[in-house]
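Written below as structure tokens is the structure these notes are about.
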Amino acid sequence: MSDGTSIGPDHEGLRVRLSRALAVVVTATVLALGIVSVWAFETAVAPELANRTRLIGLILRDEVQRALDLGIPFDALVGVEVYLADTIEKFDEVERIAISSQTGRVIAEYRRPESGGFLAESALWDAVAMRAATFSLPILDGNRLVGEIAIDVSPGFVRTRMRDVFLDIVVIALVAVLIALELALAIVTQSVSKPLARVMRLLDEQRAGVFLHRIRPGGLGGLGRTAARLNDHAADLAQRFAALPSAACARLEAAAGTRFAAGLPAQLRLTDLADIRLSLFLLSVGSEIAAAFLPVYSRAAARPDWLPPELAAAAPLLAYLAAIACLTPFGSRLVRHVGARALFLGSLPVIVVALAAMGFAQSVAGIALWRGVIGLAYAAATIACQDYAIRAGGTAGAARAVGGFMAVIYAGVFCGASIGGVVADRFGTEAAFMLAAGLVALAGALALGTMVGDPRGAARTQPRPRAAPARRPLDLRHLALVLGIAMPLNAATAIVVWYLTPLMLTEAGAGPAETGRVVMLYYLAAVLFGARTTRFAEGRSGPTGPVLAGALIAGCALMSLALWSGFWPIAAMIAVLGLGHTLIRAPQYAIAVAIEARGGPGLGTLRLFERIGAIAGLLMAALLIGPQGAGAGIALLGLAVLAGAGLYAVVLILDRDGQGRGRTP
Amino acid sequence: MALFWRIWLAISAINLLILAIFVGLATLQFATIQSRLVGERLEVIAGHAAGPFEAAARLGLPLGGVRNASGLLLRIQQTDADISAIHVFAPDGAILHSTDPAPPPRIPPGAIAARSMAAAGSWAGNDRGEPFGGAEIRDTSGRSVGGVLVLYPAAPSVTRIRAMGSELMVSALVILVLATGLGGALIRAGLRREFRGFEALEAAIHGFERDAWRSAAGAPPATPPGGEGIRARLDAAETRYRETGRTLERSAEPTR
């Protein structure tokens, strides 16, 4: 990087260093304001807590005093604990109430059972939050002091009340880090790397004597000046060349090997994955904003009597998956006919309208219909982006471009699931859908300005692909991969993450924000370890190991629900399932590509069966498993995942002699 | 530096957004906590005030006929100077006794709604910003024969919420200033390689431009650097442009 010609967002080091800096800044900001808020809250509620404590004391003293007035000796007061327990029930901040005699002997005492919770027990908060406070009131028998009432106020009261705000803000901070990362990368791209790539391309043309093109002016500092200078070179020569007589023109072009533009030089348009990064990210955020509450939202909508609530909950997901499955086989043809830019920009308004309509839909049919429309348009838009990314990378960089494309989608889905839950919880589901529609509209507006690459892109410079070799319709390893790994993976995602988790958590009393935080955990592993897993699978160990390890982890995670139930076991299961699936996803495609290269069934077959697996699994779950029996159903699914992995391993061992040795998957 | 400022500005804007969301959510949460704390206390006061009326109801006396009811209510009101009114009402919400010299005919609609949704004998809520707490008065059969409603004014709560919002906003601004400083330092350190690369790029372009205007004024041409860097490409492209321009000039001469 002696003269800066390799500044770009695809550089893994840049992403890692930028993410680290952003994580530190955002964490420090949130932590600092969190500490300040706790202090401010405690100071602000202190007068009200004092009022409440005084009130408790006064009421208790009245009761005790009345007993003393009736002549009951202070030491003989009985049954007061029940009264104290009733009082504590009404005042959450009170930890202990005790009535003691003047000698210090405790007559009656009631202490609140330990409530726990990570914020209440955190050592950090202990260091910054208020100390435990004790209020005392004397008890008089006539004019004689006979004892006192002591009330201990819990120091963790405000902290537990702020728990939801902190959890929401942690989610928002995580999302903000990802958004800031995408924004910073977009700035680097639009300010430096893209203008630099354009300048370098034009420089290469002009030093070879080709003055046919100009480039989009712009870029920071010297890059902008250089672009203007090079554009002027081409325009100047084209103008002077046009003024020559035609005989001189022909002579000149033939002799010097120089090429001039006829009229205004054509604008050179370069295709780059970075052109669509931010738009694709926002599209994913918007499209997945309902992930945390969609089954619950659909189940609560009006439905015909013959439709059971479980199927009503699954209907939008089924419509979505079916729409994607229907469009995917024709996606490439559609891109060829319409063009990636037109298809992408054309799909987004459809998604915007469908998201807004989902927000106002009253019936299951309406929600499912609009979700299906989103599925169709989303599939078209992502296929267009994928095509654009592959053209940007050319044949050699296609795998890397697709890897980058997947990373952006998962980051978006992660943000969508979490932010959707928070917004739905605080402001309602309509607000969440409107926000989603706004984000997708913003994605379209950005793409209008950035998705300006040559529709033929880098693919134009690549040699024509050779005729596809004759394919074997059946390949044992491919079959084992589809049945044992791909279909269980997709079935588990659709059943557990999209369908049952929101329903189970809602049954357990969780709101959309809590559900969103749990669903988000599934995608966390893909965001954190996705790129590393891809590199690992491309490394010496090959893709088979990660696939089997991932299936084992996913199966065990699902089966854990046979032993444990409740909020935290579900959250842990989802996080570990996400990790297992992250280990499987990229390596499984690598295996499928290798099988395709040996003349086996193509990657398209794998994708088709993935969709079929998800739809069949979801349908079965909706018909057979309700949220009440979900734990056992998920455990059974875990068993199926493990059996699938076993099947795949057995086929690999049996087929070892039949097909490639060594590292061939 | 221009690249640094752009990234720094974008990250500062995101930080500002996070802080704004945090302040908004925290203020909303404070309003909820404040309202609940006051409501729960008023609920207890109402329960305490209901005691004498319940004793009368258990004796079969009608609530409207309790003697010295206003005195009883005024004594309760004196325990907290902020209480705006205490009403004793019939099951349909009609006010029977009150500390308010000119009470409304019925309790507020918010209180009626909270009462209808309450499962227990007491309830609390908020009516157009005014916190309230209430308790049922029951007879010997456990049937509700009316209730007591304690009302608080909205102004102190609103003032407290606004004060909290302002306090958090000021703190957020201070934190934003510190965080943007920290962000700037971390971005400078973390993206050192990229910034150096960009500076080298700028230097190469500037060097090329300087040599170009100097050579136009007759200075000896600078030694061209080797390799495939931007400076070498700029020199090669410029040379090709000048050569081509001269060729065009020569081709145009016979026609003049």
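The values are calculated or read from the model by the stated rules, or taken from the named source; none is laboratory data. Fair warning: this is a prediction, and the values are worked out from it, not measured in the lab. All Cβ positions, even for glycine, are placed from backbone atoms using ideal geometry, and neighbour counts span all protein chains on display. Note: accessible area is taken over every heavy atom of the protein model, side chains too, but ligands, DNA and RNA are not part of it. Shrake-Rupley method; radii C 1.70, N 1.55, O 1.52, S 1.80 Å.
For region A:603-612, does any single residue satisfy the condition of being in contact with a helix residue (DSSP H, G or I) (Cβ under 7 Å, 6 or more places away or on another chain) and among the polar types (S, T, N, Q)? The answer is no; no qualifying residue exists.
Inspect all residues belonging to region B:158-172 and state whether any of them is within 11 Å of another protein chain (Cβ to nearest Cβ), exposed (fewer than 14 other Cβ atoms within 10 Å of the Cβ), more than 28 Å from the chain's Cα centre (by Cα) and on the phi < 0 side of the Ramachandran plot. No - not one qualifying residue is present in region B:158-172. Of all the numbered requirements in (1) touching a Leu at 6+ places or on another chain (Cβ under 9 Å); (2) open to solvent by less than 30 Å² (accessible area, probe 1.4 Å); (3) not assigned by TED's automatic domain parsing to the domain that holds residue B:26, residue B:150 misses one, and that requirement is (3).
Filtering region B:11-35 to residues that are in contact (Cβ under 8 Å) with a residue 60 or more places away in the chain, β-branched (Val, Ile, Thr) and under 14 Å from residue A:40 (Cα atoms) leaves B:23, B:27. The selection criterion, being open to solvent by less than 40 Å² (accessible area, probe 1.4 Å), part of a helix (DSSP H, G or I), touching a Phe, Trp or Tyr at 6+ places or on another chain (Cβ under 9 Å) and within 14 Å of chain A (Cβ to nearest Cβ), does not hold for residue B:133.
In the set A:302, A:274, A:248, A:292, only one residue is away from chain B (no Cβ under 11 Å), open to solvent by less than 30 Å² (accessible area, probe 1.4 Å) and farther than 21 Å from residue A:215 by Cβ; that residue is A:292. Just a yes or no: is a residue in region A:596-613 acidic (Asp, Glu) and modelled with pLDDT of 85 or more? Checked region A:596-613: at least one residue is acidic (Asp, Glu) and modelled with pLDDT of 85 or more.
Scoring residue A:216 on the criteria (1) without any contact (Cβ under 8 Å) to a residue 12 or more places away in the chain; (2) within 30 Å of residue A:264 (Cβ to Cβ); (3) more than 11 Å from every other protein chain (Cβ to nearest Cβ) leaves a single failure, condition (1). With respect to the conditions (1) in contact (Cβ under 8 Å) with a residue 40 or more places away in the chain; (2) in the same structural domain as residue B:37 (by TED's automatic domain parsing), residue B:142 lacks only one, and its number is (1).
Yes/no per residue for (1) surrounded by fewer than 20 Cβ atoms within 10 Å (Cβ to Cβ); (2) modelled with pLDDT of 90 or more; (3) within 38 Å of the chain's Cα centre (by Cα):
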{"residue": "B:181", "(1), (2), (3)": "yes, yes, yes"}
{"residue": "B:191", "(1), (2), (3)": "no, no, yes"}
{"residue": "B:194", "(1), (2), (3)": "no, no, yes"}
{"residue": "B:215", "(1), (2), (3)": "yes, no, no"}
{"residue": "B:222", "(1), (2), (3)": "yes, no, no"}
{"residue": "B:232", "(1), (2), (3)": "yes, no, no"}
{"residue": "B:238", "(1), (2), (3)": "no, no, no"}
{"residue": "B:255", "(1), (2), (3)": "yes, no, no"}
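One residue stands out among those in region A:587-625 that are assigned to a loop (DSSP other than H, G, I, E, B) and open to solvent by 20 Å² or more (accessible area, probe 1.4 Å): the one that is farthest from residue A:563 (Cα to Cα), which is A:598. The test for being in contact with a Pro (Cβ under 6 Å, 6 or more places away or on another chain) and under 30 Å from residue B:119 (Cα atoms) does not hold for residue B:70. For region A:527-542, the tally of residues that are open to solvent by 10 Å² or more (accessible area, probe 1.4 Å) and either modelled with pLDDT of 85 or more or not in a helix (DSSP H, G or I) (or both) stands at 3.
So, residue B:141, is that one among the small types (Gly, Ala, Ser), exposed (fewer than 13 other Cβ atoms within 10 Å of the Cβ) and within 30 Å of residue B:42 (Cβ to Cβ) or not? Against the criterion (among the small types (Gly, Ala, Ser), exposed (fewer than 13 other Cβ atoms within 10 Å of the Cβ) and within 30 Å of residue B:42 (Cβ to Cβ)), residue B:141 qualifies. Screening the candidates A:251, A:259, A:229 for the property of being in contact (Cβ under 8 Å) with a residue 24 or more places away in the chain, more than 30 Å from residue A:437 (Cα to Cα) and not aromatic (Phe, Trp, Tyr) yields one hit, A:259.
Any residue in region A:600-612 that is on the phi > 0 side of the Ramachandran plot and touching a residue at least 24 places away in the same chain (Cβ under 8 Å)? Scanning region A:600-612, I find no residue that is on the phi > 0 side of the Ramachandran plot and touching a residue at least 24 places away in the same chain (Cβ under 8 Å), so the answer is no. When we screen A:235, A:208 for residues that are touching a Pro at 6+ places or on another chain (Cβ under 8 Å), surrounded by fewer than 17 Cβ atoms within 10 Å (Cβ to Cβ) and more than 16 Å from residue B:209 (Cβ to Cβ), the only hit is A:235.
Checking region A:193-208 against the condition returns a match, with at least one residue being outside any helix (DSSP H, G or I) and facing chain B (nearest Cβ under 10 Å). For the criterion of being open to solvent by 30 Å² or more (accessible area, probe 1.4 Å), in a strand (DSSP E or B) and out of contact with any His (no Cβ under 7 Å at 6 or more places or on another chain), residue B:124 passes.
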